[in-house]
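Input: a single structure, listed below in structure tokens.
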Amino acid sequence: NNFVIEGNQFKRINIDENSRAIEIGHNCHYGTIANNVIEGVGLHGIGVDYGNNWTIANNIVYNAGGVGIWGFGLKYSSITGNTVQYSNQLDDSRYGIQLGVTNTTNADTTNVSVVGNNTDSMYVQGTTNVFVSNNIITGEGSFPTGQYDNTNLKAVNNFIMLAENGYYNGITFHRAIE
């Protein structure tokens with residue numbers, strides 16, 4: 001298919017609960033979504049449903065009502081160098097970057113690299129062979145999530161959720177030196 005969506009600006013698009021700036025429907029494969037600016041969208045900024053071999057890179061997504069970047073059934077793809085902030089305006093079940101799940105079902109999201117993104121929140125579940133290493137942005141600055149794959153997703157998701165909810169505010173973290 002070789003789709004390219006690049007260099008566009010989307011601002012304040014149809015601010016209702018179902019609007020999306022860029023949505024790739026079922027079974028569209030081989031594409032690039034890059035260097036777009038999305039600001040103010042009702043639901044999702046960028047979403048790929050059941051697509052293979054997608055590159056989602058260097059986009060800026062602000063003020064998405066739901067998820068900034070969504071991958072559901074995404075395979076053999078990469079999400080890199082994006083900045084996603086101020087998502088989750090609708091409820092607490094949406095994130096800056098979300099892979100692999102909805103509230104009711106899992107999708108076969110596999111072999112995805114999510115690296116070098118700056119986001120205010122992230123959720124990865126129901127996936128296989130997903131590699132993640134990003135920066136989480138908070139009101140106090142940013143911190144790296146570290147590198148992880150499916151072996152410890154629950155622990156990492158719990159840590160991120162607690163950090164977002166202020167559980168670690170005022171706590172000094174120390175690093176281990178080997």
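The values are calculated or read from the model by the stated rules, or taken from the named source; none is laboratory data. All values reported here derive from a predicted model rather than from experimental measurement. Please note: Cβ atoms are built from the backbone with ideal geometry, for glycine as well, and neighbour counts cover all protein chains shown. When the accessible area is computed, the model is the full protein with side chains, heavy atoms only, and any ligands, DNA or RNA have been set aside. Shrake-Rupley method; radii C 1.70, N 1.55, O 1.52, S 1.80 Å.
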So which of Ile97, Ile137, Ile160 ends up being at pLDDT 70 or above and hydrophobic (A, V, I, L, M, F, W, C)? Ile97
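Which one of these is in a loop (DSSP other than H, G, I, E, B) and buried (at least 18 other Cβ atoms within 10 Å of the Cβ): Val61, Val67?
Values: Val61 fails: in a loop (DSSP other than H, G, I, E, B).
Unique residue meeting the criteria: Val67.
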Checking Ser78 against (1) under 18 Å from Asn35 (Cβ atoms); (2) modelled with pLDDT under 90, which single condition isn't satisfied? (2)
Hits in region 70-86 - residues which are touching a residue at least 40 places away in the same chain (Cβ under 8 Å) and open to solvent by 10 Å² or more (accessible area, probe 1.4 Å): Gln85
